[in-house]
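Structure record follows, encoded as structure tokens.
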Amino acid sequence: MIVAEELGVTQGNVDQMKSSNNPEIKRLLGVEGGLGKMLGLSNDFAYRIIKHIGNYGESFERHIGKNTPIGLDRGLNQLWNRKNGDGTNGILYAAPFR
């Protein structure tokens, strides 16, 4: 889910992203490679998760984010390459999907 957020794959665009030219997106969504089978899952397991739940950021915002009763700011739960409201970066980093 973190990889999906880093690559810009969302619940709303996951179907279109299956035709992306980016090989990492193709591997993530099970279009290429056999990572799912190596894990004992279907090759499209990540596609199905993203389609039903969204990426990490979407899930965070939906369940515990600013616009929920919990109202939690992303803070350190932001991606490593994105700034928080206070100017610091988050710490979430996902290893390449291979």
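Rule-based calculations on the coordinates, nothing more; no lab input. If you're wondering where the values come from, they're calculated on a predicted model, not measured in any experiment. Virtual Cβ from ideal backbone geometry, glycine too; neighbours counted across all protein chains shown.
Residue by residue, the range 12-24 carries 3J(HN,Hα) couplings of x, 10, 4, 5, 5, 5, 4, 9, 4, 8, 6, x, 5 Hz when phi is fed to the Karplus relation 6.51 cos²θ - 1.76 cosθ + 1.60 (θ = phi - 60°); x denotes Gly or Pro. Find how many whole Å separate the alpha carbon centroid of the range 1-48 from the alpha carbon centroid of the range 59-98. After rounding, the separation between the Cα centres reads 21 Å. Among L28, L41, L92, the order by Cβ neighbours within 10 angstrom, fewest to most, reads L41, L92, L28. Give the share of C-alpha pairs in each 5 angstrom bin for the range 2-77, from 0 to the last occupied bin, in whole percents, shortest bins first. Bins of 5 Å from zero give 3, 17, 24, 21, 15, 10, 8, 3, 0 percent of pairs.
Listed by chain and number, the aspartates and glutamates whose alpha-carbon sits under 14 Å from that of K66, ignoring those within fewer than 8 places in the same chain, are E58. In terms of Cα to Cα distance under 25 Å, which lysines are near enough to K18, apart from those fewer than 8 places away along the same chain? Those lysines meeting the cut-off are K26, K37, K51.
When only Cα pairs below 8 angstrom with a gap of at least 6 residues are kept, the chain shows a relative contact order of 28 percent.
Mean residue ellipticity at 222 nm, helices only, the chain: -8500 deg cm²/dmol; runs of at least 4 DSSP H residues each add -39,500 (n - 2.57), and the sum is divided by the number of residues.
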